[in-house]
Structures are given as structure tokens and as C-alpha cells.
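A short worksheet on the structure shown next.
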Amino acid sequence: MPAGRPAKYTTAISESICEAIRSGSNIHRLGQDKSFPSSTTINKWRRENEEFAANYARAREDRADWRSDNVDEIGVRLEAGAIDHNTARFLFDKEKWQAGNEKPAAYGPKTQLTGADGKGPVETKDVTEKPSETLKHLLDGIAGRKGE
């Protein structure tokens, strides 16, 4: 990149920003690097340039994959004695949390609803066909509970 902080949007600068994001960087860190636009400028481009915003969003998702790979590196560093267990746990949890937020379908928490028995899916009933019968059944159930 040319000397000085770039301020004019170009495809080349956009690609450099997205590549840095994919490789684990963030807007704050890039904004501190004089070879990149300021974080204010990058955020302005995200708001005003749909193509850049879409490329940036994809770069963040790709960064989640980078974070997943980085978890392996944390394990290697722990096994080599380069970091202690507590540091490894912190780094692992940080990468896992951030990857889950950046690409929730792949790395986010999995939630599965189950039926009352803890097995199988939650049972649903269509109550729109006979609302008066359903309402009577519900009210009878409530009335029965009051007597308990």
C-alpha cells in the first residue's frame, strides 16, 4: 500500500482489509496500522458501500474458520509447554465464543427442543380448527388444578 493512511475506497484496499479480517485481525487493530484506513473510515465504508459490507461479513464468517483452526494451534502450544493450562483454557474459550458468534450455524451452541419425556421432538397441536373444544379442554384443566 502507498505511504500514509489511505482514505479513499478502492477494491484493492477493500480486499486487503477483508484478507486481514479473514486471517484473525479486527477493525480496531487495522485502524491502529497506518497502512490501513482508520477504524472510523472502515466502519463508514461498511455502512455506505453494500459490496464492501457483504465482503466484510463473509470475511468475518471466514475468520470463524480461522479461529477454529487456531484452537488446534493453542493445543500444540500447550503440549509444547509454551503456555500453561489456564492460558490455554482462556484462549480456547475466547476463540470458541467468538467463532460461535461469527458463524453460529457452524460453531454456535446447538439447541434441540425435546418432548416431555426428554426424547423426540416437541409435540405441537393445531388449535385453529376447533378453538372452542380446545379452549374448553384448557379451561377444564385449569379448573381441575384449582381443586388440588
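Only the coordinates and a few stated rules stand behind these numbers; no lab work does. Just so it is clear, the model here is predicted, and its values are computed rather than measured. No Cβ is skipped: glycine too gets one built from the backbone with ideal geometry, and neighbour counts run over all protein chains shown.
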How many nm separate the modelled label positions at R47 and K96, each set 7 Å beyond the Cα in the direction of the Cβ? 3.6 nm
Computed about the Cα centre, the charge dipole of the chain from +1 Lys/Arg and -1 Asp/Glu charges at the Cβ has a magnitude in debye, to the nearest 20, of 560 debye
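Work out how much length R89 to D72 would gain on full extension: take 0.36 nm times their residue separation and subtract the Cα-Cα distance, in nm to one decimal. Working shown, then result.
On the way: separation 17, 0.36 × 17 = 6.12 nm, distance 1.23 nm.
Result: 4.9 nm gained on full extension.
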Listed residues S38, S132, S25, most fluctuating in the chain (Gaussian network, C-alpha, under 10 Å): S132
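Where a ≥ b ≥ c are the square roots of the eigenvalues of the C-alpha gyration tensor, would you call the chain rounded, which needs a/c under 1.5, or, failing that, prolate if a/b is larger than b/c, or oblate? Present the calculation step by step, with values, prior to reporting the outcome.
Numbers: a/c = 4.02, a/b = 1.92, b/c = 2.10.
Oblate, because a/c is 1.5 or more while a/b does not exceed b/c.
At a threshold of 8 angstrom on Cα-Cα distance, excluding pairs fewer than six apart, so keeping six or more, what relative contact order does the chain reach in percent? Don't skip to the answer; put the middle values down first.
Numbers: 117 pairs, mean separation 22.7, N = 148.
Taking the mean separation of contacting Cα pairs over the length of the chain, I get 15 percent.
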Could you give the angle, 0 to 90 degrees to the nearest 10, between helix 85-102's Cα long axis and the longest principal axis of the Cα atoms of the chain? 80 degrees
Distance between modelled label sites at A7 and D140, nm, 7 Å Cα→Cβ extension: 7.7 nm
When a footprinting reagent is the concern and you count Cβ atoms within 10 Å, what order do E61, E48, E95, E15 take, fewest first? E48, E15, E61, E95
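Helix-only mean residue ellipticity at 222 nm, the chain, DSSP H runs n ≥ 4 weighted -39,500 (n - 2.57), per residue, nearest 500. What is it?
Values: 7 runs with 96 residues, N = 148.
So the helix-based figure for the chain works out to -21000 deg cm²/dmol.
What FRET efficiency would be calculated for the residue pair N26, Q112, taking the C-beta separation as r and a Förster radius of 35 Å, to the nearest 0.05? If you can, show how the numbers build up before the last one.
Numbers: r = 32 Å, r/R0 = 0.92.
Efficiency for this residue pair is about 0.65.
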Helix 11-22 axis, angle to the chain major axis (alpha carbon atoms, nearest 10°): 60 degrees
In degrees from 0 to 90, rounded to the nearest 10, what is the angle of the helix 50-79 Cα long axis to the longest principal axis of the chain? 90 degrees
Please build a GNM for the chain, connecting alpha carbons under 10 Å apart, and tell me which residue among G118, G75, G108 fluctuates the most. G118
